[in-house]
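The values are calculated or read from the model by the stated rules, or taken from the named source; none is laboratory data. Here the structure is a predicted model, which means the values were calculated and not measured. Virtual Cβ from ideal backbone geometry, glycine too; neighbours counted across all protein chains shown. Note: accessible area is taken over every heavy atom of the protein model, side chains too, but ligands, DNA and RNA are not part of it. Shrake-Rupley method; radii C 1.70, N 1.55, O 1.52, S 1.80 Å.
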Amino acid sequence: MAYDYDKYLRPGKLPHIWCPGCGHGIAMKGLIRAIDSCGLDKNNTAIVSGIGCASRLPGYVDFNTLHTAHGRAAAFATGVKMAKPEMNVIVVGGDGDGTAIGGNHFIHACRRNIDMTYVIFNNFIYGMTGGQFSPCTPTGDKASTTPYGNPDPIFDISKLAIGAGATFVARTTSFHATQIDKLIAEGIKHKGMAVIEVLDDCPTTYGRRNKFRSVVDMMKRLKEIAVPVAAASKMTAEQLKGKVLTGVLYKEEKPEYCEQYAKVIAKAQGA
Amino acid sequence: MAKKVALLQGNEACAHGALYAGCSFFGGYPITPSTEVAEVLSNELPKIGGKFIQMEDEIGAMASVIGASLTGAKALTATSGPGVSLKQELIGYACIAEVPCVIINVMRGGPSTGMPTGPGQSDVQQAKWGTHGDHATIALVPASCQEIFSETVRAFNLAEKYRMPVQVLYDEIVGHMRERIEFPEPGDLEVIDRAKPTVPPEQYKPYDTSFGDVPPLAAFGSGYRFHVTGLNKAQDGFPTTKAEYVDNEERRQIRKVEGEAARADIEKNDEYLTEDAEVLIFAYGSTSRSARYAVNELRKEGIKAGLFRPITLWPFPEKRIAALGKKVKTIIVPELNLGQMNLEVERVVKGACPVISIGRVDGEPINPGQIMAQVKEVK
Ligand SMILES: Cc1ncc(C[n+]2csc(CCOP(=O)(O)OP(=O)(O)O)c2C)c(N)n1
Ligand code: SF4
């Protein structure tokens with residue numbers, strides 16, 4: 001039976017702004033299935049985003065939704081969560097939003113291990129502003145501001161999150177659509193900062209410039225570069241060249257920020 | 001029963017004023033000369049179950065304050081010149097999304113790092129024009145420690161009542177000076193909470209103007225689900241580029257503060273010997289204390305000087321200053337910058353009388369003698 005997404009979508013707010021073939025829609029559907037499988041209460045769930053194509057997601061879904069400023073989603077979400085720790089807080093946004101302008105907020109939310117689920121839509125490019133390179137655009141690739149090929153090295157977002165202190169980090173791609181909801185659901189259930197990186201595609205501003213003839217070509221690439229962590233352990237460094245690991249990359253139990261602050265309150269109140 | 005009294009710094013008084021107003025969230029980033037506000041609240045907030053967070057920077061601090069406010073908390077940040085510059089994009093966000101919050105700006109010299117430990121009144125125009133786009137601004141400029149306490153309470157009240165960011169600006173002199181403070185008892189000062197929706201959740205629109213120019217604001221997690229964005233939006237909170245919505249909303253957001261009734265409610269001034277004044281001194285914050293002293297001394301010498309001290313700086317007291325401009329011979333505007341509010345006084349007086357600036361940016365206060373000398377020169 002077809003899954004009933006309508007239950008979580010806002011009536012009258014579709015069609016969305018995403019281009020045909022954009023991976024963000026696949027990621028949104030994954031997020032909805034994850035929320036449903038975790039049984040989250042709509043009234044008690046906030047979805048926070050920054051600015052970019054990916055960040056338009058909150059407008060379409062029926063929760064407490066907060067579309068903020070470019071790069072600042074994690075910081076707004078920190079305020080929401082701190083002030084109301086009983087809320088489920090989910091952050092969504094693009095790679096540019098989260099790791100360029102928002103890099104500082106992103107790493108500090110990871111460091112605090114505050115209990116939120118950050119789904120980062122990594123399409124390797126700035127979609128909304130017309131395809132300028134992001135910190136995740138592969139070196140050498142074309143973008144509207146790297147006409148001679150991108151000279152910059154890239155961020156590995158998942159490694160960045162692990163290094164910064166996130167206690168649940170997972171990665172998948174929009175080709176592996178059924179894995180998206182499973183990983184996000186695991187992230188939601190995890191107490192602490194959970195980062196789920198979803199590699200997806202922007203046919204309009206990235207694919208076109210980088211000789212992907214169709215969305216199918218882009219999907220094929222996502223399929224080819226993804227290697228599940230278990231399989232990777234049996235592969236040589238040579239075989240892993242140009243690949244990205246998918247699945248749960250890191251998991252750890254560590255004190256969560258709001259719980260730590262609850263101890264501060266108890267101490268201040270003389271406990 | 002005698003009131004509780006204490007010898008407090010301006011910054012400490014600010015923190016206690018915030019607590020009196022019901023502040024339960026502080027998000028900040030340290031910067032001189034504002035840090036004591038954060039330090040006191042880091043100590044006091046957890047005692048009442050409130051939250052204090054030191055964010056990674058001022059932008060993050062402002063973001064956390066807006067996020068917290070949307071859950072229903074009364075939220076505050078405190079900073080100084082360069083910190084306010086960083087917050088500006090999000091101050092605009094709080095304006096357009098109509099999210100109540102309070103920003104304390106303990107002013108220092110500038111531009112840039114300027115004089116971190118010196119006093120300045122250098123952000124009075126930044127407070128009005130710092131963020132991009134057209135919007136209304138409420139900014140208060142207390143001049144003593146007691147007034148910092150009560151104006152911080154009023155800032156929260158205005159933020160809640162008008163659903164917007166409110167700035168409190170005072171300079172390092174009042175921020176760091178110690179004065180005797182009388183703590184008001186609960187109920188002595190008015191404390192206002194934002195209007196909450198009474199309609200059923202399905203009917204709630206966060207910008208529903210059928211409830212007036214300031215629509216009720218639901219809290220995240222209270223059963224009302226709604227969308228908040230920094231984009232131009234229709235009454236339901238969802239983005240629109242339709243000309244009539246955008247125009248109406250922008251005008252309403254300015255009208256809710258600058259309309260006549262709102263101005264009468266928000267504007268607050270202190271006039272001293274202005275009835276028969278021939279020379280009017282327009283001064284605010286610490287500078288107004290020197291000006292008051294100067295007025296007293298000048299009166300002793302038979303010179304008819306008077307003081308106009310705005311306590312609400314924005315919206316600017318246009319009507320009253322225009323009227324006084326027609327009555328007096330000269331207006332003198334001493335301030336710890338090179339003539340920022342002087343510009344505004346000139347704009348409003350429209351040439352009815354000369355407006356003379358006394359500007360100072362060397363890190364020293366403007367003393368009464370300097371003001372007296374200027375008055376005598378023009379008299
Ligand atoms: C302060 C600020 N700087 C720049 C922009 C312009 N801007 C809007 S979206 C965007 C990039 C979005 O890219 P990404 O986050 O990767 O998301 P995508 O659009 O690819 O989904 C930029 C640079 C802005 N809105 N605000
Ligand atoms: S520009 Fe790219 S990221 Fe944006 S909607 Fe189109 S395909 Fe998606």
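Could you list, in sequence order, all residues of segment B:345-359 that are out of contact with any strand residue (DSSP E or B) (no Cβ under 8 Å at 6 or more places or on another chain) and open to solvent by 20 Å² or more (accessible area, probe 1.4 Å)?
B:Arg347, B:Lys350, B:Gly351, B:Ala352
Quick check, is B:Ala234 surrounded by 20 or more Cβ atoms within 10 Å (Cβ to Cβ), in contact (Cβ under 8 Å) with a residue 12 or more places away in the chain and not acidic (Asp, Glu)?
Spelling it out, it is not the case that B:Ala234 is surrounded by 20 or more Cβ atoms within 10 Å (Cβ to Cβ), in contact (Cβ under 8 Å) with a residue 12 or more places away in the chain and not acidic (Asp, Glu).
Test A:Asn88 against the criterion of being under 28 Å from A:Glu252 (Cα atoms) and either more than 9 Å from chain B (Cβ to nearest Cβ) or of a type in the set (D, E, K, R) (or both), and give yes or no.
Yes: the conditions hold for A:Asn88.
Any residue that is part of a loop (DSSP other than H, G, I, E, B) and open to solvent by less than 30 Å² (accessible area, probe 1.4 Å) - is there at least one of those in segment B:167-178?
no
Among the candidates A:Gly52, A:Gly39, which residue alone is modelled with pLDDT of 95 or more and more than 14 Å from chain B (Cβ to nearest Cβ)?
Being modelled with pLDDT of 95 or more and more than 14 Å from chain B (Cβ to nearest Cβ) holds for just one of A:Gly52, A:Gly39, which is A:Gly39.
Out of segment A:60-75, which residues are crowded, with 24+ Cβ neighbours inside 10 Å and more than 7 Å from chain B (Cβ to nearest Cβ)?
Hits for segment A:60-75 are A:Gly71, A:Ala73, A:Ala74.
Which condition breaks for B:Arg252 when tested against (1) more than 14 Å from chain A (Cβ to nearest Cβ); (2) open to solvent by 10 Å² or more (accessible area, probe 1.4 Å); (3) not hydrophobic (A, V, I, L, M, F, W, C)?
Condition (2) is where B:Arg252 drops out.
When you scan segment A:173-271 for helices (runs of 4 or more DSSP H) that lie fully inside it, which ones turn up with 2 or more residues that are over 27 Å from A:Gly79 (Cβ atoms), more than 16 Å from ligand 2 (Cβ to nearest atom) and open to solvent by 70 Å² or more (accessible area, probe 1.4 Å)?
Filter on segment A:173-271 gives A:177-189, A:215-225, A:237-240.
Quick check: anything in segment B:190-211 away from chain A (no Cβ under 14 Å), open to solvent by less than 60 Å² (accessible area, probe 1.4 Å) and free of Cβ contacts under 8 Å to residues at least 12 places away in the same chain?
yes
State yes or no: is A:Ile47 within 16 Å of ligand 2 (Cβ to nearest atom) and either open to solvent by 10 Å² or more (accessible area, probe 1.4 Å) or within 10 Å of another protein chain (Cβ to nearest Cβ) (or both)?
no
For segment B:8-49, name all the residues that are among the acidic types (Asp, Glu) and under 16 Å from B:Ala75 (Cα atoms).
Of everything in segment B:8-49, those that are among the acidic types (Asp, Glu) and under 16 Å from B:Ala75 (Cα atoms) turn out to be B:Glu39, B:Glu44.
Looking only at segment A:78-109, how many residues end up being surrounded by fewer than 24 Cβ atoms within 10 Å (Cβ to Cβ) and either over 24 Å from A:Cys136 (Cα atoms) or away from ligand 2 (no atom under 16 Å from the Cβ) (or both)?
Within segment A:78-109, residues that are surrounded by fewer than 24 Cβ atoms within 10 Å (Cβ to Cβ) and either over 24 Å from A:Cys136 (Cα atoms) or away from ligand 2 (no atom under 16 Å from the Cβ) (or both) number 9.
Go through segment A:142-189 and give me each residue that's in contact with a Ser or Thr (Cβ under 9 Å, 6 or more places away or on another chain) and of a type in the set (S, T, N, Q).
A:Ser144, A:Thr146, A:Asn150, A:Thr172, A:Thr173, A:Gln179, listed by residue number.
Here's a check for you: in segment A:212-268, which residue that is in contact with a Pro (Cβ under 7 Å, 6 or more places away or on another chain) and within 14 Å of another protein chain (Cβ to nearest Cβ) is farthest from A:Thr167 (Cα to Cα)?
Taking the candidates together, the pick is A:Ala268.
State whether the residues of segment A:14-22 include one that is more than 10 Å from chain B (Cβ to nearest Cβ), in contact with an Asp or Glu (Cβ under 9 Å, 6 or more places away or on another chain), open to solvent by less than 10 Å² (accessible area, probe 1.4 Å) and within 16 Å of ligand 2 (Cβ to nearest atom).
So far as segment A:14-22 goes, no, none of its residues is more than 10 Å from chain B (Cβ to nearest Cβ), in contact with an Asp or Glu (Cβ under 9 Å, 6 or more places away or on another chain), open to solvent by less than 10 Å² (accessible area, probe 1.4 Å) and within 16 Å of ligand 2 (Cβ to nearest atom).
Do any helices (runs of 4 or more DSSP H) entirely within segment B:1-119 hold 2 or more residues that are within 14 Å of another protein chain (Cβ to nearest Cβ), and if so, which?
Qualifying helices (runs of 4 or more DSSP H): B:35-44, B:58-70, B:81-97.
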